[in-house]
Each structure stands twice: as C-alpha cells, then as structure tokens.
Amino acid sequence: MADIQLQELSKRAGQRTTAIPDDDGFEKQPDLDKDYDPSHDKRDMYRLGKKQQLKRRFRYFSIAGYIIVLGNCWEFSIVTSAFSIPNGGTGGAIWMTIFVIIGVFLTVVSMAEVASMAPTSGGQYHWVSEIAPKAVQKQLSYAVGWFGLIAWQVSLSSCAYIFANQILALITLCNPDFVGHGWQASLLTILSSLIAVLLSVFVMQKLNLAEGLAVVAHVLGFVAFIAVLWVMGPGPQTSAYDVFFTFEDQNDWGSPGLAALVGLIGPIATFIGGDPAVHLAEELQDASYVLPRAMVSASGINYLIGLVALITFMFNIGPINDDLYIYYGQPWIAVIYRITDSKAATIVFIVIIMINFFTLQVNSVMTSSRQLWAFARDNALPYSEWLARVADDGIPRNAVVVTTIFAALLSLIVIGSSTAFNIILSISTAGAYACYIVIVATIIYRRFDGNDFPPTRYSLGKMGLPINVLSLMYLSVAFIFIFFPAAPNPDPIAMNWACLIFGAVLAIAFSWYFIKARKVYDGPVEYVRRDMQEYTT
C-alpha cells in the first residue's frame with residue numbers, strides 16, 4: 001500500500017520512484033572514481049524518493065573549491081567596503097565583519113547538520129518540509145523555496161554587475177576623462193552573464209580542472225594583494241587603535257553605532273553562507289558525508305582570508321575622502337594605485353579581481369539553475385515539467401536558460417538607478433537570509449517537539465541547540481538592516497527598493513500557489529520513504 005501511494009505521489013511530482021532494485025535506480029556513470037562507493041548516495045536518494053538524474057562529478061576537494069570560489073570572500077570584502085567605509089568607518093567595517101563572520105559561521109554549521117540528513121538539490125525547502133510543524137510544512141516549504149529562488153536567481157546578476165564595475169573602473173583608470181553610464185554597466189552585466197552561462201554548460205566535462213584553476217587564481221591573487229599591502233603600504237606605521245576604533249558617520253545617520261549597523265550590508269553580502277554547494281548535492285559523491293564537511297571547512301577558510309584581507313585593507317586605506325571613489329566607486333583601486341604608484345601594477349590587480357569574479361559567475365549559474373530545477377521537479381513553479389527536464393549530459397539546460405533570461409532582465413535596473421548595486425545585493429541577501437531564518441527556526445522547533453531528526457552523518461550533539469539559537473539571534477538582527485538605504489532620507493532614485501521587489505516576488509509566488517501550486521505541490525516530505533532502517537557509519 002505504501003508503494004502504491006508513493007507511486008501516485010511521484011506521478012504528480014513528474015518523477016518515477018520504485019521499490020529499490022539491485023542498482024537502486026542509479027544510472028551507470030563511467031566518469032565516477034574507481035574507489036567511489038555509491039551505497040550511501042543510493043540510500044539517500046531512495047529515502048528522499050528521488051530518481052538519480054544528474055551525474056555525480058564532484059568529490060570533496062572539487063566541491064570545497066567550488067564553495068571557496070563562489071564565496072570569493074577576500075575579493076568581496078574589499079569591493080563591498082564601499083558600503084562600510086562611510087557607514088561606520090574602519091572600526092565599524094572591521095567589527096561588523098567579525099560579528100557577521102561569527103553569526104554566519106554558526107548558521108553554516110547549523111545547516112551542515114541537516115544537509116547530511118537530506119543531501120538534495122532542493123536544499124532548504126526540502127529540509128523545512130521534513131522538520132517543520134506538520135500543519136505548516138507545505139506552506140513553509142513553498143515559501144522557503146521561493147526565498148531561495150530569489151536569492152540565487154539574483155546572485156548571478158549581482159556577481160555580473162560587480163564584474164562590470166571592475167571593467168568600468170579599469171577604463172576610468174586608463175582614461176580619467178571617461179564617464180560611465182548605467183546602460184554601459186547593464187550591457188556588460190548581460191554580456192558577462194551570457195558568457196558565464198555558456199561556459200557552465202559546455203565546460204562541465206572538465207569542471208574539476210576548471211575549479212582547480214579557479215581556486216589557484218583565487219589564492220594567488222590573495223597572496224599578491226596581501227604581500228603588496230604589507231610590504232609597500234603604510235600599514236606598519238598606522239596605529240592599530242585608530243584602525244580598530246575609529247567609527248564614522250559620514251552619511252549622517254545621527255550615530256556612529258547606527259551607521260555601522262547600516263554598513264552591515266557589505267559584510268553580509270560578502271560572507272554569505274556556505275550553502276551554494278547544497279544545491280549540487282545530487283552531483284556530489286558520498287554527499288551525506290562530504291557535503292557538511294566541505295561546507296564548514298571551505299567557509300572557515302573563506303571567512304579567515306576575507307577578514308585578513310579586510311583588516312589589511314583598512315590599515316592601508318588612508319584618509320577617507322572623495323578621492324577613494326574616483327575609479328567608478330571602487331576604493332580598493334585608489335588604495336592600490338596610491339601605494340604602488342604604478343598604473344600597470346594596478347591594472348594587473350584589477351584583471352585578477354575580474355578573473356575571480358568571472359569564475360564566480362560560472363559557479364553562480366550552476367547553483368542558481370540547480371535550485372530552480374529542483375523546485376520545478378517538485379511542481380512548485382509555472383511550467384514545472386519543462387523546467388525540470390534534464391539533458392542527456394546531465395545538465396538541466398532549461399533551468400539554465402531561464403536563469404540567464406532573469407539575470408538579463410534584472411540587470412536593466414542598473415540603467416535607471418545609481419544605487420543598483422545596493423538594491424541587487426539586498427535582494428539576493430534578503431532571499432538567502434530568509435531561507436536561513438526559517439530553516440534554523442524549524443531546527444530549533446524540532447529539538448523540542450519530541451520527534452527525532454532523520455539520520456545524519458554530521459551531528460552537532462549537545463552543542464546543536466546553543467549553536468542554532470545564537471545563529472537565529474544573529475540572523476534576526478542582520479535581516480533588518482539588509483533593507484536599509486545607503487544614506488538617510490533618500491530620494492526615490494537612491495532608495496533601497498529591495499523590500500518592494502522582494503515583497504512583489506513573494507506576492508506573485510503565493511498568487512500562483514493559490515491558483516495552482518497548492519493543488520500539485522505536495523512538498524518533498526510526501527515522497528520521503530519511511531520504511532527503511534536508519535543507517536550510520
């Protein structure tokens with residue numbers, strides 16, 4: 001009877017789930033490593049009620065490299081300092097970054113535990129479906145799925161826009177008379193997104209090599225940046241007290257403390273959670289064991305080098321004035337040029353940053369399209385059947401196409417708003433943090449409701465509850481300031497419209513829910529097998 005019910009639900013989900021045969025429904029994959037034992041992946045997919053459709057190309061080092069490259073923390077930390085410097089000064093930037101790193105790392109650890117329980121490309125919306133209160137499982141899961149959709153669909157635009165800004169800054173450095181316009185940034189954003197999509201689709205077979213090269217570029221760029229600033233910069237002569245405890249309110253919020261909190265958007269966007277790899281779980285070998293460990297270790301490495309880069313940068317920033325922003329609003333370029341007194345050296349650093357942000361775009365395409373594909377697989381979106389198709393090479397090409405179109409449309413915001421960067425970053429981080437808040441809150445709920453968690457290979461033990469509570473406290477504070485404008489009393493052009501856009505997308509999402517999705521979206525928990533024994537290693 002259970003199998004008959006499961007078959008019926010599976011038809012509605014557009015997939016086939018059967019009693020587990022000898023090969024567990026796994027397709028033959030000749031590119032897997034010879035020493036790879038797929039037994040846990042088979043069991044996980046069987047328990048989750050999903051058919052293996054994607055190819056498991058990743059191992060620990062490739063997925064950890066993927067997280068590190070997609071995090072790009074040291075590059076982001078110096079680029080997004082443009083928000084923190086006027087809102088809090090050097091002291092505000094450093095202490096708010098430390099605050100964010102502690103909070104978001106606790107969040108990553110919290111998610112790592114449930115990622116091991118359910119290593120699926122659906123990620124957070126699946127976890128919520130399994131552990132939320134039964135009365136609201138379906139609705140919360142649907143909402144979290146859309147939160148994640150907003151976060152990752154917008155992320156490609158934000159990465160491409162940062163890349164476009166570096167190009168315009170490079171032109172400004174070479175030609176001081178150049179005046180950039182919004183349409184130029186928009187076209188560059190669209191173009192770089194398209195190239196990143198093409199590479200993510202057609203270079204998939206050599207992905208491990210590509211990830212390795214991207215990690216090398218990321219690390220060598222960091223070493224070069226730190227070496228130049230430590231050797232040539234005025235850092236050693238700069239007072240540590242002045243750097244760590246100089247708080248400024250250049251935008252007139254009325255309080256340096258409030259200004260520093262408003263500047264949170266910089267480090268929040270920089271040190272995003274280590275969850276991008278979650279949406280590649282069905283392409284990872286031994287996912288329930290490898291995924292949580294890769295999330296925690298890669299995030300820790302990223303956060304550490306990001307903090308080192310930021311502190312080093314703040315020691316060398318010098319006077320905070322308009323001269324910092326003459327290169328298309330990029331303070332880090334002004335600092336490098338002043339320290340090296342060499343246009344050629346500064347150009348080299350800009351090119352390094354551009355390369356790293358471009359590889360970040362390629363990885364962003366993968367995470368965004370997989371999250372979209374997984375949500376469509378569960379019948380949560382319009383045209384779900386079309387979006388959930390997977391090509392013969394194991395790539396959800398239709399989901400990639402939609403991701404590309406969305407990125408191109410969103411980049412048009414850049415034409416009409418001088419604060420588009422703030423808006424785009426805010427939308428993406430708001431979606432991600434909304435996911436984090438719901439999943440951590442439901443984890444805390446499950447610890448008290450008397451029901452056991454699904455089996456996990458990465459248990460937090462007795463430390464789980466305090467880690468979850470501290471994470472939720474941080475997320476609640478950070479989420480509020482994501483929607484703040486860069487300066488008080490903004491005019492319509494300078495306003496942070498992220499709140500309006502975020503709300504509008506959710507309104508559309510739940511309109512679709514009441515029109516059709518509530519009839520066909522059952523929530524992933526309905527497909528989970530409950531007739532298999534728990535397993536541990």
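The values are calculated or read from the model by the stated rules, or taken from the named source; none is laboratory data. Predicted model, so just to flag it, every value in this text is computed and none were measured. Every residue, glycine as well, gets a Cβ built from its backbone with ideal geometry; the counts of neighbours run over all protein chains shown. Calculation scope for accessible area: heavy atoms of the full protein, side chains included, ligands and nucleic acids excluded. Shrake-Rupley method; radii C 1.70, N 1.55, O 1.52, S 1.80 Å.
Summary of computed values
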| quantity | calculated |
| --- | --- |
| Those helices (runs of 4 or more DSSP H) lying entirely in the range 356-438 with at least 3 residues within 20 Å of the chain's Cα centre (by Cα) and closer than 19 Å to Val197 by Cβ | 397-410 |
| Matching entry among Leu149, Leu170, Leu191, Leu156 (being of a type outside the set (Lys, Arg), out of contact with any Phe, Trp or Tyr (no Cβ under 9 Å at 6 or more places or on another chain) and either in contact (Cβ under 8 Å) with a residue 60 or more places away in the chain or over 28 Å from Leu460 (Cβ atoms) (or both)) | Leu191 |
| Residue check, Tyr161 closer than 30 Å to Ser342 by Cβ and in contact (Cβ under 8 Å) with a residue 40 or more places away in the chain | yes |
| Residue list for the range 286-322, restricted to those being of a type in the set (S, T, N, Q), over 19 Å from Asp242 (Cβ atoms) and open to solvent by less than 10 Å² (accessible area, probe 1.4 Å) | Ser288, Ser299, Asn302 |
| Condition check for Pro119: surrounded by 24 or more Cβ atoms within 10 Å (Cβ to Cβ), farther than 30 Å from Ile413 by Cβ and in contact (Cβ under 8 Å) with a residue 24 or more places away in the chain | yes |
| Filter result for Ala517 (in contact (Cβ under 8 Å) with a residue 60 or more places away in the chain, not in a helix (DSSP H, G or I) and not charged (D, E, K, R)) | no |
| Test: residue in the range 508-516 that is open to solvent by less than 40 Å² (accessible area, probe 1.4 Å), more than 22 Å from Leu410 (Cα to Cα) and modelled with pLDDT of 80 or more | yes |
| Condition met for Ile333 (outside any helix (DSSP H, G or I), open to solvent by less than 20 Å² (accessible area, probe 1.4 Å) and either touching a residue at least 60 places away in the same chain (Cβ under 8 Å) or of a type in the set (D, E, K, R) (or both)) | no |
| Residue that is most open to solvent (accessible area, probe 1.4 Å) [pool: residues in the range 446-473 that are touching a residue at least 12 places away in the same chain (Cβ under 8 Å) and charged (D, E, K, R)] | Arg447 |
| The lone exception for Ile405 - which of (1) open to solvent by 10 Å² or more (accessible area, probe 1.4 Å); (2) touching a residue at least 12 places away in the same chain (Cβ under 8 Å) it fails | (2) |
| Among (1) crowded, with 22+ Cβ neighbours inside 10 Å; (2) modelled with pLDDT of 85 or more, the one test that Val228 misses | (1) |
| Candidates Met117, Met111, filtered to the one that is out of contact with any helix residue (DSSP H, G or I) (no Cβ under 7 Å at 6 or more places or on another chain) and either among the hydrophobic types (A, V, I, L, M, F, W, C) or modelled with pLDDT of 90 or more (or both) | Met117 |
| Residue within the range 431-439 that is among the hydroxyl-bearing types (Ser, Thr, Tyr) and touching a helix residue (DSSP H, G or I) at 6+ places or on another chain (Cβ under 7 Å) present | yes |
| Selected residue (only one of Asn379, Asn363 is in contact (Cβ under 8 Å) with a residue 60 or more places away in the chain, of a type in the set (S, T, N, Q) and at positive phi) | Asn379 |
| Residue under evaluation Lys51, criteria (1) at pLDDT below 90; (2) surrounded by 24 or more Cβ atoms within 10 Å (Cβ to Cβ); (3) not in a helix (DSSP H, G or I), criterion not met | (2) |
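Okay, residues lined up against (1) out of contact with any Cys (no Cβ under 8 Å at 6 or more places or on another chain); (2) under 16 Å from Val438 (Cβ atoms); (3) part of a helix (DSSP H, G or I); (4) of a type in the set (Asp, Glu):
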| residue | (1), (2), (3), (4) |
| --- | --- |
| Phe76 | yes, no, yes, no |
| Gly91 | yes, no, yes, no |
| Pro119 | yes, no, no, no |
| Gln137 | yes, yes, yes, no |
| Gly145 | yes, yes, yes, no |
| Leu156 | yes, no, yes, no |
| Ala164 | yes, no, yes, no |
